[in-house]
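See structure below.
What follows is calculated from the coordinates using simple rules that are stated; it is not laboratory data. Worth saying up front: this structure is predicted, and the values here are computed from it rather than measured. All Cβ positions, even for glycine, are placed from backbone atoms using ideal geometry, and neighbour counts span all protein chains on display.
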Amino acid sequence: MISLSNITKNMSGVPLYTGASFQINQGEKIGLVGPNGTGKTTFFRLIVGELKPDEGTISIQNNTRIAYFSQNVEEMSGRSALDEVISGNERISILSERLHEYHTRLSDLELDQSEMDTILEKMGDDQVEYEAIGGYEIESNAQEILTGLGIFPEDHSKPVEDFSSGWKMRIALAKVLIMNPDLILMDEPTNYLDMETIIWLEEWLVKFKGAFLLTTHDREFMNRVVKKIIEVSNGKVTTFSGDYNFYEREKEILIRNNAAKFSRQQSMLKKEEEFIARFKARASHAAQVQSRVKKIDKIEKVELVPDENEINIELAEIPRGGNDVISIKDLGKSWQNSDGSEKKVFSGLTAMVERQNKIAVVGVNGAGKSTFLRVISHQVKMTEGEAIIGPSISIGYFGQTTLEHLNSEATVLEEVQSKLQQMTEPSVRNLLASFLFRGDEVYKKIKYLSGGEKARVILAYLLSTPHNCLILDEPTNHLDIKSRVILLDALKQYQGTILLVSHDRYFLKELVNRVFEVDHGLIKIYDGGYQHYLDCKDQKN
């Protein structure tokens with residue numbers, strides 16, 4: 001369906017990749033992976049024609065319909081959310097307008113029989129196509145997709161300009177899905193989605209009969225929907241026939257084999273070079289020396305693939321603290337609406353957070369998870385009840401608003417040094433390296449960082465401060481898979497107490513030992529890991 005052959009693409013004079021090739025076949029479900037900055041989004045832009053390759057060819061089969069979901073959402077206004085989604089299927093919109101014009105013209109009483117016959121013939125052809133591509137079902141399909149993406153029927157007629165940027169992303173995604181194309185390109189479709197919406201999108205993609213190529217930081221999502229992985233790394237493209245877990249296993253084997261092959265070749269080269277150095281001055285060995293020089297020149301050198309997983313974070317030593325970390329009793333929170341009325345988020349929440357608990361706070365979108373974390377960490381005042389923080393408990397809080405409190409004019413190094421004044425500069429640089437800020441990257445100003453980079457800055461100094469309780473509101477947002485692995489490993493080592501909200505199921509399954517579900521203003525406690533919680537929910541359903 002689509003073939004990329006020997007693609008070379010330079011950005012600012014530096015090659016992203018050289019001689020890259022891969023294919024997208026009909027109906028294939030493909031995950032595109034690789035470190036940030038390796039050119040994954042560039043491949044999407046090359047396929048849709050926004051960019052041209054410097055070398056190589058991109059062949060697209062005739063009449064292949066491609067839809068592209070990008071993080072750069074175009075301006076949307078002047079329509080309801082539902083009409084905006086319907087407009088995403090351009091062909092249906094065109095046919096709908098033409099059919100409307102035919103009806104208008106047929107109502108003209110002065111129309112002669114010949115003109116009427118011509119209109120009826122065109123109308124018949126367009127009606128057949130309109131029905132074949134789902135024109136008569138598009139409104140109900142658009143409603144279903146919007147609802148699945150968390151925009152419920154009462155908001156379908158709401159003007160699209162009234163939605164926040166995060167919700168506009170969902171509308172933009174719905175516009176792509178409604179096209180029902182041959183190929184969907186999706187750049188981080190799970191960003192800004194909550195757990196329920198991610199699960200809905202998974203199910204939609206599993207049923208989708210077309211092909212897709214997507215990037216995502218959610219490895220469980222990728223495992224559930226893709227059957228092939230294309231990796232972009234170190235300027236090369238490699239294809240793996242399997243899901244993300246298969247790719248990880250195969251990549252580990254390739255790295256081990258590469259290291260062994262590199263070691264064998266280095267050993268062989270050393271022996272040859274020693275022979276040449278030893279006998280090059282002897283005329284009796286001239287032929288042998290020349291033969292070995294030519295042999296070395298002809299050998300294709302094995303390049304050592306760097307193992308990017310060898311990163312270790314040294315956590316700050318934390319004080320033990322008491323066994324009762326946070327005592328929550330009849331806790332309630334209401335927000336005041338603009339008209340003076342109160343909106344109750346939750347009430348009567350009672351629970352005990354005990355030492356070394358690692359708790360996932362879960363619940364449907366809008367249940368009040370983030371508000372709950374902000375209240376118990378005393379970021380905002382409670383309306384009723386109490387959340388008593390135990391003696392000797394020091395709380396470190398991470399939330400989406402935390403990113404706004406960074407000094408935009410400071411460099412990464414300056415910002416972290418200002419928070420960790422007891423650490424020397426070499427120690428801070430080592431810390432930043434473990435959070436993937438290496439070399440001159442520590443001199444980048446905060447204002448030029450991405451959301452994921454800012455999150456890594458905060459997590460770097462938060463985990464290096466001796467807090468014995470961490471309250472983390474979506475710490476995995478904006479982090480790529482590699483950064484999430486680093487954070488997960490650090491939190492597994494952490495000896496304190498953790499409460500967190502995250503939409504990354506793999507992360508939660510690996511980390512937590514209790515679950516607090518905020519549901520209809522109440523709290524349900526599950527003593528067990530995240531998989532235990534899911535099993536309990538399945539039994540109830």
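Some points to look at:
- Reciprocal mean inverse distance between Cα atoms of segment 273-342 - Kirkwood radius, Å: 21.0
- Straightening the chain between M268 and K447 buys 59.5 nm, computed as 0.36 nm per residue apart minus the Cα-Cα spacing.
- Charged neighbours of E84, selected by a Cβ distance under 15 Å, balance to -3 (K, R count +1; D, E count -1).
- Antiparallel content of DSSP bridges confined to segment 456-541, in %, to 5: 55
- With q set to 0.16, 0.19, 0.25, 0.26 Å⁻¹, the log10 of I(q)/I(0) for segment 455-541, from the Debye formula over equal scatterers at the Cα positions, is -0.68, -0.92, -1.38, -1.46.
- Calculated P(r) of segment 324-540 - Cα pairs past 32 Å, %: 22
- Judged by the ratio a/c of the largest to the smallest principal axis of the C-alpha gyration tensor, segment 1-151 counts as prolate, that ratio being 1.5 or greater while a/b is larger than b/c.
- Cross-link table K381/K524; K454/K492; K175/K344, entries beyond 25 Å C-alpha to C-alpha: K175/K344
- Shape category assigned to the chain from the gyration tensor of Cα positions, a/c cut at 1.5: oblate
- The value of relative contact order for segment 292-366, using C-alpha pairs under 8 Å at least six residues apart, is 26 percent.
- Phi to ³J(HN,Hα) by Karplus 6.51 cos²θ - 1.76 cosθ + 1.60 over segment 288-295, Hz, x for Gly, Pro: 5, 4, 4, 4, 6, 4, 5, 4
- Close amide-amide hydrogen proximity is noted between V362 and F516, E517, V518, each under 5 Å apart and 5 or more residues distant or on a separate chain (H modeled in the peptide plane; Pro and chain starts excluded).
- Pairs of lysine residues in segment 247-298 - Cα separation under 29 Å, sequence separation of 8 or more or cross-chain: 20
- Other residues whose C-beta falls under 12 angstrom from the C-beta of F43 contribute a net charge of 0, scoring Lys and Arg +1 and Asp and Glu -1.
- Beta bridges from DSSP with both residues in segment 324-540: antiparallel share about 55 percent, rounded to the nearest 5.
- Length gained on full extension, D155 to H378: 77.0 nm, using 0.36 nm per residue less the C-alpha separation.
- For H532, H217, H378, order by how many other beta-carbon atoms lie within 10 Å, fewest first: H378, H532, H217
- By the helix-only formula, in which each DSSP H run with n ≥ 4 contributes -39500 (n - 2.57) and the sum is divided by residues, the chain has a 222 nm mean residue ellipticity of -12500 deg cm²/dmol.
- Under Karplus coefficients 6.51, -1.76 and 1.60, residue-wise ³J(HN,Hα) of segment 84-92 in Hz, glycine/proline x: 5, 5, 4, 5, x, 8, 4, 5, 5
- Environment charge of V226, counting only residues whose C-beta is closer than 10 Å and scoring Lys/Arg +1, Asp/Glu -1: +2
- If you take the Cα centroid of segment 430-505 and the Cα centroid of segment 340-365, the two points sit 24 Å apart.
- When each of E517, E250, E90, E415 is scored by the number of other beta-carbon atoms lying within 10 Å, the sequence from fewest to most is E90, E250, E517, E415.
- Derived scalar couplings between HN and Hα for segment 441-452 equal 4, 6, 9, 5, 6, 4, 5, 9, 7, 6, x, x Hz in order, rounded to whole Hz, by the Karplus curve 6.51 cos²θ - 1.76 cosθ + 1.60 (θ = phi - 60°), x for Gly and Pro.
- Extension gain, L51-S21: 0.36 nm per intervening residue step, less the Cα-Cα distance, totals 9.2 nm.
- Here is the P(r) of segment 247-298: all C-alpha pair distances, binned every 10 Å from 0, give 24, 35, 20, 14, 7, 1 in whole percents.
- When both bridge partners sit in the chain, DSSP labels roughly 55% of those beta bridges antiparallel.
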